[in-house]
1. Report, in cubic angstrom per residue, the convex hull volume of the C-alpha atoms of the chain.
2. Name the residue farthest towards the positive end of the dipole of the chain from the options Ser111, Met36, Asn9, assuming +1 on Cβ of Lys and Arg, -1 on Cβ of Asp and Glu, about the Cα centre.
3. For the chain, what does the helix formula give at 222 nm: sum of -39500 (n - 2.57) over DSSP H segments with n ≥ 4, over the residue count, nearest 500 deg cm²/dmol?
4. Taking 0.36 nm per residue of separation and subtracting the Cα-Cα distance, what length does fully extending Glu14 through Ser69 add?
5. Which value, in debye to the nearest 20, describes the size of the charge dipole of the range 5-107 about its Cα centre when Lys and Arg Cβ atoms bear +1, Asp and Glu Cβ atoms bear -1, and nothing else is charged?
6. Label-point separation (nm) for Asp62 and Leu113, each offset 7 Å from Cα along Cα-to-Cβ?
7. Take each complete run of DSSP H in the chain, measure how far its Cα atoms stretch along the helix's own axis, and keep only those covering 20 Å or more with mean Kyte-Doolittle hydropathy at least -1.0; list them.
8. Which loop-located GluC sites (Glu not before Pro) does the range 24-83 contain, where loop means any DSSP state but H, G, I, E or B and the Cβ has at most 10 other Cβ atoms within 10 Å?
Amino acid sequence: MALHWDTSNVADNESVCFSEAPEDWPMSGVKKGDRMLNPVTNALIWHSLNTGIGVITRENADEVFARISLVETLYGASLRRDGEDRPITSLDVLQHVGLRTNAGHHESETSFLKRHAAAYLREQRERGTRQFAEAEKAEAL
């Protein structure tokens, strides 16, 4: 299923959700001055899948922020600016109240935590297995 999104209910959505490309990005077909989706907006759209929350409201903005913070703690920051990690902030989330995707309405906290804890543990097990195999191979040389 494709991920669909709508920014029309975000206050001042033209300035919050869109910007002008600062330079040409030939690999993306973007030219300087083209209207483009704000990278923060793009990250929040994709985070709707991570968080299990498809609509940011004033009432759930703190939960959206908390879940994104956990996801970024486990997997790393969503954005980079000037070569530095740039995590999503609570202000980013508040500015995007009204953002809607078709990612679901509200996954329970228990389900969200179980999903991410299981994925993180699986990732770390695989990482450990690779590291153990590399160490054993190095010792055999």
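1. 164
2. The listed residue farthest towards the positive side: Ser111.
3. Rounded to the nearest 500, the figure is -16500 deg cm²/dmol.
4. Residue separation times 0.36 nm, minus the Cα-Cα distance, leaves 17.2 nm.
5. 140
6. Placing both labels 7 Å along Cα→Cβ, they lie 1.7 nm apart.
7. Qualifying helices, which must be both long enough and hydrophobic enough, are 61-75.
8. Within the range 24-83, the qualifying GluC sites (Glu not before Pro) (loop, at most 10 other Cβ atoms within 10 Å) are Glu59.
All of the numbers you see were taken from the coordinates with simple rules; none came from a lab. Remember, predicted model here, so these are calculated numbers, not experimental data. Cβ: placed from backbone, ideal geometry, glycine included. Neighbour counts: every protein chain shown.
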